[in-house]
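Input: a single structure, listed below in structure tokens.
The values are calculated or read from the model by the stated rules, or taken from the named source; none is laboratory data. None of these values were measured; they are calculated from a predicted model. FYI the Cβ positions are ideal-geometry reconstructions off the backbone, even for glycines, and counts take in every protein chain you see. When the accessible area is computed, the model is the full protein with side chains, heavy atoms only, and any ligands, DNA or RNA have been set aside. Shrake-Rupley method; radii C 1.70, N 1.55, O 1.52, S 1.80 Å.
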Amino acid sequence: MRFLRRNADDTATAETPESGAEFADPVEKGRTAAKGKATPKRREAQGRRSGPVPPPPRTQREAFKRMRGNKVSKEERRAAATERRQRMMAGDDKYLLPRDRGPVKAYIRDLVDSRRNLMGLFMPLAVLVFVALLTPSLAVQRYATLATTFMLLAMVIEGLVLGRLVTKKVRAKFPTEPIKGLSIGWYSFIRASQLRRLRVPKPRVKPGEAIK
């Protein structure tokens, strides 16, 4: 009888946990323990993540994308667009397109704007030809086509002469800059073929003004 009692006590002792681990509340799976502090708000988190100020936009499309990302009012967007337009027309390098930036391009624009070019009549000539082609008279169409052909030949010749002249002056003005004749000539041709009032940026010199 004593032997059986002893076994019962041992069994009870073995079933009794030695520590309170089994009585501890189990942590639910997929749940994170408390951090001991409140979760920061979205504004505070964004303020902490803010790094250095980004560089100014290189193109107008990039500027529009940044404006869409930042929630601003229509008045602010309109004012910013007006300011960019004014600075671009004034020739500020920060707001110009990459093709128009730099002192070399500014000097080319001054050389082209100081001349009275026949190529500036390209757009009015195109409108005149379009109107002439709509007329029912075959004689008018024939004379308009002939005149247009001579004008285009004259413009091409003038463009070649202008490109060589501008390239020569640019190389003399900026001897250390890598100057490509074809690129300079094409840039001069595009600038000269536009109407003076539509050129971007606006001309800084008057026609006939001497450029050194």
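Between Lys168 and Ser114, the modelled labels are 1.5 nm apart [label points 7 Å from Cα along Cα→Cβ]. The Cα center of region 110-129 and the Cα center of region 169-201 differ in position by 15 Å. For region 111-188, the relative contact order works out to 30 percent when only alpha carbon pairs closer than 8 Å and six or more residues apart are counted. The alpha-carbon atoms of region 145-212, seen along their principal axes, cover 46, 24, 20 angstrom, with the largest extent given first. Tally Lys and Arg at +1 and Asp and Glu at -1 over the other residues with C-beta under 13 Å from the C-beta of Met119: what net charge comes out? For residues surrounding Met119, the net value is +3. For region 95-155, the mean projected area of the C-alpha convex hull, equal to one quarter of the hull surface, is 5.8 nm². A simple rule links phi to the HN-Hα coupling: the Karplus curve 6.51 cos²θ - 1.76 cosθ + 1.60 with θ = phi - 60°, which for region 98-112 gives x, 5, 9, 8, x, x, 5, 5, 5, 5, 4, 4, 5, 5, 5 Hz, with x for Gly and Pro. For the cross-link pairs Lys180/Lys212; Lys180/Lys206; Lys168/Lys206; Lys169/Lys202; Lys65/Lys180; Lys105/Lys168, the ones whose C-alpha atoms lie over 25 Å apart are Lys180/Lys206; Lys65/Lys180. Counting only heavy atoms of the protein chains and using a 1.4 Å probe, Leu125 has close to 20 Å² of accessible surface. First measure r as the distance between the Cβ atoms of Arg99 and Ala139, then evaluate 1/(1 + (r/R0)^6) with R0 = 41 Å and state the FRET efficiency to the nearest 0.05. Efficiency computed from Cβ-Cβ geometry: 0.40.
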